[in-house]
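K.L.:
Dropping the structure in here first, questions after.
The values are calculated or read from the model by the stated rules, or taken from the named source; none is laboratory data. The shown structure was predicted, so the numbers you read here are calculated from the model rather than taken from an experiment. A quick note on method: Cβ atoms are made from the backbone with ideal geometry, for glycine too, and the neighbour counts reach across all protein chains shown.
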Amino acid sequence: MKQVNVSANANIALIKYWGKRDENLMLPTKSSLSLTLTALKTTTTIALNKEQHDCIEFDGHSDEQLQSPVRSFLETTRALFGINSHFSIISKNYFPTASGLASSASGFAALALGINSLCNLQLSMQEVSILARRGSGSAARSIYGGAVIWHRGDANDGSDSFAEPVLPASWWPDLRVLIAITTTAAKKVSSRAGMQQSVATSPRYQDWLIRSNNRLPAMITALRSRNIITVGSLSQADWCDMRDVMLSTTPSLNYWNEGSLNAIMGVKMLREQHGIACYVTTDAGPHVKVICLAVDAPVIMQKLQTLLGVSSVLESTIAGDPEVEIVE
Ligand code: 2P0
């Protein structure tokens, strides 16, 4: 029986996505830009299931809470493309899930690519990105490696809200993202719920949209010229603004823990007191990501590993495009 194996990687946003203009179609309030990371890999095997139900397994478990978004994604996909079949899906994440390391990005990107191949939908990459977006916003970006932009789009039907590659993974081989893992516990407020609250209640929200939109072209220029100081500074600025939005949300959102604070302060010290080009970003979770160059990675990793509350550190380069293997 035909089976498709997909390997896709999660991404971190340098210019963030935090909020939707359409919850059902998963349309963002603004464009965002990310790097796809080798350290955050998901593999998914998908085949048709002869029985009239979907069979979903994550990391060897059949956890209903994790399965529920996948089930609704499969229903949406069947309705969109007139598919009558059900699927058998086995997915494995090579990093801690549900704690702000964007497993939904790589997971839904892999699923969209897998269903496209398995069901011979012959979708363009734009259409695959739009489909992945219906699973999770950040998944729209993970159908590509390298640096990727996800366009906000203007259309009400979401037809122009898809991701596009900005630069290939090979563009900047010396770029590194270090990930300080501060806990593997699941987060209390999901990204989806948190960003919805921010759009509805944060007085900083509209201001952030303007400032973040202005940063986007500057970030692309800085990536093109491999300027670590500008890339890092712009990324930190957007992260700080997103953090302001989170804190000014009602109820206030905080995804950090003690380890996050120690890592953030540790990186700031290395940058300001030792002149090392290292820059922090975080997402909807407690892990701290550090943008730096390969030459500085060992000393930064060494520092991070000594900090209270940091359990381990992953070193990542920029990942290439997902891989899709069809087994007949
Ligand atoms: C990002 N995050 O741009 C931002 C920054 C978290 C903070 O995309 O509701 O899991 O499935 O679209 O994609 C996390 O949000 O949320 C995220 P949904 P998603 O990477």
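K.L.:
Looking at segment 111-119, can you tell me whether even one residue there is surrounded by fewer than 23 Cβ atoms within 10 Å (Cβ to Cβ), over 20 Å from the mean Cα position of the chain (by Cα), outside the structural domain of Ile220 (by TED's automatic domain parsing) and not polar (S, T, N, Q)?
P.N.:
yes
K.L.:
Please find, among Lys30, Lys50, the residue that is of a type outside the set (A, V, I, L, M) and modelled with pLDDT under 95.
P.N.:
Lys50
K.L.:
Of everything in segment 150-171, what is surrounded by 21 or more Cβ atoms within 10 Å (Cβ to Cβ) and either touching a helix residue (DSSP H, G or I) at 6+ places or on another chain (Cβ under 9 Å) or basic (Lys, Arg) (or both)? Give them in sequence order.
P.N.:
Trp150, Ser161, Phe162, Ala163
K.L.:
Residues of segment 115-144 being within 16 Å of the ligand (Cβ to nearest atom) and in a loop (DSSP other than H, G, I, E, B), which ones?
P.N.:
Ser136, Tyr144
K.L.:
Can you tell me which residue is surrounded by the fewest Cβ atoms within 10 Å (Cβ to Cβ) among those in segment 289-328 that are farther than 19 Å from Lys268 by Cα and over 22 Å from the mean Cα position of the chain (by Cα)?
P.N.:
Of everything passing the filter in segment 289-328, Glu328 is surrounded by the fewest Cβ atoms within 10 Å (Cβ to Cβ).
K.L.:
Evaluate segment 87-97: report whether one residue or more is away from the ligand (no atom under 16 Å from the Cβ) and under 22 Å from Pro286 (Cα atoms).
P.N.:
Yes; the residues of segment 87-97 include at least one that is away from the ligand (no atom under 16 Å from the Cβ) and under 22 Å from Pro286 (Cα atoms).
K.L.:
So which residues in segment 316-328 are within 22 Å of Trp256 (Cβ to Cβ) and touching a helix residue (DSSP H, G or I) at 6+ places or on another chain (Cβ under 6 Å), if there are any at all?
P.N.:
Result: no residue meets the conditions.
K.L.:
Report yes if some residue within segment 40-60 is within 15 Å of the ligand (Cβ to nearest atom) and either of a type outside the set (D, E, K, R) or farther than 30 Å from Pro168 by Cβ (or both); otherwise report no.
P.N.:
Scanning segment 40-60 turns up at least one residue that is within 15 Å of the ligand (Cβ to nearest atom) and either of a type outside the set (D, E, K, R) or farther than 30 Å from Pro168 by Cβ (or both).
K.L.:
Sticking with this structure for a sec: Of all strands (runs of 3 or more DSSP E) completely enclosed by segment 1-70, which ones contain at least 1 residues that are in contact with a strand residue (DSSP E or B) (Cβ under 7 Å, 6 or more places away or on another chain) and touching a residue at least 60 places away in the same chain (Cβ under 8 Å)?
P.N.:
Strands (runs of 3 or more DSSP E) meeting the threshold: 3-15, 20-22, 32-49.
K.L.:
Another one. What single numbered condition from (1) of a type in the set (Asp, Glu); (2) surrounded by fewer than 20 Cβ atoms within 10 Å (Cβ to Cβ); (3) closer than 27 Å to Gly146 by Cβ fails to hold for Asp238?
P.N.:
The failed condition is (2).
K.L.:
Given the options Ala200, Ala222, name the one that is away from the ligand (no atom under 13 Å from the Cβ), over 18 Å from the mean Cα position of the chain (by Cα) and under 14 Å from Ile15 (Cα atoms).
P.N.:
So the residue among Ala200, Ala222 that is away from the ligand (no atom under 13 Å from the Cβ), over 18 Å from the mean Cα position of the chain (by Cα) and under 14 Å from Ile15 (Cα atoms) is Ala222.
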